[in-house]
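These notes are about the structure you will find just below.
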Amino acid sequence: MSFRSIPLTVRRRTVLAVLLAFAAMSGPAMAQSAIAAAVAKPVSLPDIVIGSAKAPVTITEYASMSCPHCAAFGENVFPLLRSRFIDTGKVRFVFREFPLDAKAAAASMLARCIAKDDSEKYLGAIETLFKLQERLVAQTKDTLFFVGKMKGMSEQEVEGCVKDQAQLDRLAADAQYALKELNVVSTPTFFLNGVKLQGSMSYEELEERLKPLLRK
């Protein structure tokens, strides 16, 4: 073997080692970046978004109106999240529907009709629906009429809203995207800057997740 070939061989091995080390480090980051991009991709229905577009953290929640854990998050965690992080410009919050049954789908469609693409009105509607969740599940039609009337809709308007096939198709398409592309299989599911968190969380747990992201 020629001594002249040794430095070249060493250099090749060194370059290979560096490339492998870089791949090991960048692989998860690149995969995470791809997930974040998939979460941020526009879907069929307009996103329900509040908070600054310049916020360093985006939380995307997938929820079902018939999910007790989603209702608990909305009642116990979201108000604190909003006052301490969303309203202060630290977090941008995106709410997306992932209806687990026909009752949840109808409630989501009603909230869309009430809101008319106004995120604040939508969140107000689902807050009411979450508070009436047991009644919604047990007496779906009457509860939808009741909430619709509270928000200025007639029974005919509510009926037409929840029977809107085009709207239902868009809702189903978005749920399919979440299932196939983001592996959302249950509610609530959260994405914090693309990092997936599945299941209910207390405010304290969520705050601990947010702290390192806000320090970056």
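Residue by residue, here is whether (1) closer than 24 Å to residue 173 by Cα; (2) hydrophobic (A, V, I, L, M, F, W, C); (3) within 18 Å of the chain's Cα centre (by Cα) holds:
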| residue | (1), (2), (3) |
| --- | --- |
| 58 | yes, no, yes |
| 61 | yes, no, yes |
| 79 | no, no, yes |
| 84 | no, no, no |
| 99 | yes, no, yes |
| 115 | yes, yes, no |
| 125 | yes, yes, yes |
| 134 | no, no, no |
| 143 | no, no, no |
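From 156, 167, 198, grab the single residue that is closer than 18 Å to residue 47 by Cα and either out of contact with any Asp or Glu (no Cβ under 8 Å at 6 or more places or on another chain) or not assigned by TED's automatic domain parsing to the domain that holds residue 76 (or both).
Within the list 156, 167, 198, the selection yields 167.
If I ask for residues that are farther than 29 Å from residue 52 by Cβ and touching a residue at least 24 places away in the same chain (Cβ under 8 Å), which ones from region 110-137 would you list?
Residues satisfying the conditions are 133, 136, 137.
If you check every pair at least six apart or on different chains, which have Cβ atoms under 7 Å apart with a residue in region 25-36 that is at pLDDT below 80 first and a residue that is among the small types (Gly, Ala, Ser) second?
Correct list of pairs: 32/194.
For region 181-196, name all the residues that are of a type in the set (A, V, I, L, M), under 16 Å from residue 93 (Cα atoms) and surrounded by 16 or more Cβ atoms within 10 Å (Cβ to Cβ).
Selection gives 192 alone.
With respect to residue 112, is the statement that it is touching a Phe, Trp or Tyr at 6+ places or on another chain (Cβ under 8 Å), under 19 Å from residue 68 (Cα atoms) and basic (Lys, Arg) true?
Values: touching a Phe, Trp or Tyr at 6+ places or on another chain (Cβ under 8 Å): yes; under 19 Å from residue 68 (Cα atoms): no; basic (Lys, Arg): yes.
Judged against the criteria, residue 112 is not a match.
Name the residues in region 46-56 that are of a type in the set (A, V, I, L, M, F, W, C) and surrounded by fewer than 17 Cβ atoms within 10 Å (Cβ to Cβ), would you?
Within region 46-56, 49, 50, 53 qualify.
The values are calculated or read from the model by the stated rules, or taken from the named source; none is laboratory data. Everything numeric in this text was worked out from a predicted model, so none of it was measured. Reconstructed Cβ throughout: ideal geometry from the backbone, glycine too, with neighbour counts over all protein chains shown.
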